[in-house]
């Protein structure tokens, strides 16, 4: 059997003596080597400029498709430097050429973004790029994931309706830009001190280009910021604890259910020999195994997880100004690691996330609400965050939980009123 033929393409300008010399060598090789053949692409000098430009364009497009493209709005926030470095090092996000992270914030924050750009230059071994953008549409083009960190703080003495209207106007403008510029597969992740579930509901109403399942609000950080002092107060470390579930209309109301936090326990199980043996036996009479338990047996009526929480939070924020940065970075990256995992089987990991309800847990269908969810893989290999219906209801009186839902319904209902009001 003869070896496979080797085909070489030689492209160049007719008047170029180097091009002609290479063609001569190729011609000679083709007469000596039976499996060698070549083809020539001859261009005039005018044609060559256009041909080279087209080839370079194709190469650039090829590189772009091999990079995961992430845009961060509100990149002047204190958490963003840490978030950028974490995203760059998250291998689940990498394609063959790593990731591109586009940063945008209001002009007054430009110096902060330049600092992030400088700090990121030494991270990632050339498999990434961090860019500062002048406008949002440039970042939405070819964007895979949009991370929204911006917050419109409530002004002193500002009424709730006025605050919600300002937030609505901001997210409405972003929604229109998404409809015009974003690709169909883009994911949107909200994580800020603002009313993020309200944001999700606004986009579900106004964004026609993306599936509703692609728009979510991070909520795990509420649990992460509460669980450490709570667990420490009982003499434990975080090593064997999962993040507690978070329920609520994030930014308006939320409840961290520490009683249904998962604890990994090492237990000793005696075997039949232990039951039948006398007290002098020296052979092993059992084995040590790990077991998952709800934490409520320790938390029940022993301590209030919210006791002194807000005082500690305010003091820490006053001292360092970044009280929640680590928790938010971890919550965002943990979410993305699962969403972009290269494994076909995701597993049964349960997290808290603000998604559009399907009617589970008594939450009205279509209402964005934080709840326990898992990643369901559909027949077309798409991945959708779905309520984990086997999870227990939150450890609180049902009427209080219903009050959380009723408040969320009222706030969501303002979207229609604001939509009509701004049309006038």
Protection proxy ranking of 77-87, 379-389, 176-186 - average other beta-carbon atoms within 10 Å, highest first: 77-87, 176-186, 379-389
Counting only backbone N atoms under 13 Å from a point 7 Å out along Cα-to-Cβ of residue 342, the residues of segment 380-395 in range are none
Please give the contour-minus-distance gain from residue 45 to residue 396: 0.36 nm per residue of separation, less the Cα-Cα distance, rounded to one decimal in nm. 118.6 nm
Treat each spin label as a single point 7 Å out from the Cα along the C-beta direction, and report the residue 155 to residue 228 distance in nm. 3.5 nm
How high is the FRET efficiency from residue 115 to residue 420, r the C-beta distance, R0 35 Å, rounded to 0.05? 0.20
Once label points are set 7 Å from the Cα along Cα→Cβ at both residue 209 and residue 173, what is their separation, rounded to one decimal in nm? 1.7 nm
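Bear in mind that the values in this text are calculations on the coordinates, not laboratory data. Here the structure is a predicted model, which means the values were calculated and not measured. Neighbour counts run over all protein chains shown; Cβ positions are idealised from the backbone, glycine included.
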